[in-house]
Amino acid sequence: MKPYYYLLLIGFPLTGGLIAYYSKVQKLNNFRLVLAFGGAYLLSVVLFHFIPHLYTEMNVWSGILLLAGFFFQLFIERFSRGVEHGHLHLHKHTKLSAVVPYEILISLCLHSFMEGLPLGSDFLLNDSGKLSFLFGIVLHEFPAAFAMVSILKGQSFNRTRIILFIAIYACMSTMGALSSQTLTNWLSTHILEYVMAFVVGTFLHIATTILFENSENHKFTTGKVFAILLGILLAAAVSLTF
């Protein structure tokens with residue numbers, strides 16, 4: 001990977017977390033259009049780059065593993081509470097137990113680690129695919145970090161633990177990319193393709209959930225439709241230009 005990839009992978013979630021920590025804003029209601037844009041962008045990258053590659057290089061196991069990844073992401077959301085979508089799946093005034101913030105951190109870190117895997121491997125064959133996917137990652141990790149820190153502040157976590165949580169989460173995509181670079185030398189291309197099919201399934205779940213869950217009553221307002229179209233067009237432009 002190019003050096004500035006690492007800077008972006010770490011910088012965006014770190015910035016999102018620090019903004020949440022120093023800001024009085026505790027909800028992402030004003031960022032719904034940004035979330036819709038990011039979800040559409042990530043979904044477009046999955047359709048433009050990942051899925052065509054999977055079905056060109058593999059067989060029916062592509063679909064099986066993709067579905068497995070999709071439902072695995074659904075499972076870990078039991079612990080992340082939907083924070084990776086930029087919001088929390090809880091009713092108002094629900095008091096979180098002391099262990100929940102750690103469950104959220106671990107599940108978010110697992111998801112972020114998996115997100116970094118394609119960047120460090122040969123799964124994305126050209127710079128346009130890697131750059132497109134890189135933008136998709138940082139566009140949804142920023143609000144995820146914001147939401148996580150907002151929860152920690154609401155639970156009255158001390159400054160040291162909050163900063164530690166931010167730093168750990170911000171490094172996970174980079175750790176995933178570095179790990180896949182190592183695995184590329186150890187594992188066969190065939191096995192890596194299976195791993196990536198599973199990972200792509202998690203992306204598919206994240207992208208579609210962001211699109212359908214970040215608005216009240218799941219309605220597509222004019223602004224949201226415009227944000228979605230803009231995300232699709234930008235993903236196409238990046239893919240065709242670079």
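The values are calculated or read from the model by the stated rules, or taken from the named source; none is laboratory data. Only a predicted model underlies this, so the values are computations on that prediction, with no experimental measurement involved. Positions of Cβ are backbone-derived with ideal geometry, glycine not excepted, and every protein chain shown enters the neighbour counts. Accessible surface areas use protein heavy atoms only, side chains included; no ligands, DNA or RNA. Shrake-Rupley method; radii C 1.70, N 1.55, O 1.52, S 1.80 Å.
Given that just one value was derived from the coordinates, which of (i) 28, 23, 14; (ii) 28, 20, 17; (iii) 32, 19, 16 is semi-axes √(5λ) of the Cα gyration tensor in Å?
(ii)
By average Cβ neighbour count within 10 Å, what is the ranking of 225-236, 201-212 from highest down?
Going from most to least packed, we get 201-212, 225-236.
For the range 223-233, what does the Karplus curve 6.51 cos²θ - 1.76 cosθ + 1.60, with θ = phi - 60°, yield as ³J(HN,Hα) per residue in whole Hz, taken in order and with x for Gly and Pro?
In residue order, the calculated couplings are x, 5, 4, 4, 5, 5, 4, 5, x, 5, 5 Hz.
Accessible area, 1.4 Å probe, largest first: how do Lys224, Lys24, Lys130, Lys153 sort?
Ranking Lys224, Lys24, Lys130, Lys153 by accessible area, largest first, yields Lys24, Lys153, Lys130, Lys224.
Would you mind working out the accessible area per residue for the chain, using a 1.4 Å probe, and quoting it in Å²?
Heavy-atom SASA per residue in the chain reads 48 Å².
Of the accessible area of the range 105-242, with the probe set at 1.4 angstrom, what percent is carbon plus sulfur?
It is 69 percent, rounded to a whole number.
Whenever you get a sec, line up Arg78, Arg159, Arg32 from highest to lowest accessible area (probe 1.4 Å, protein heavy atoms).
These residues rank, largest area first, as Arg78, Arg159, Arg32.
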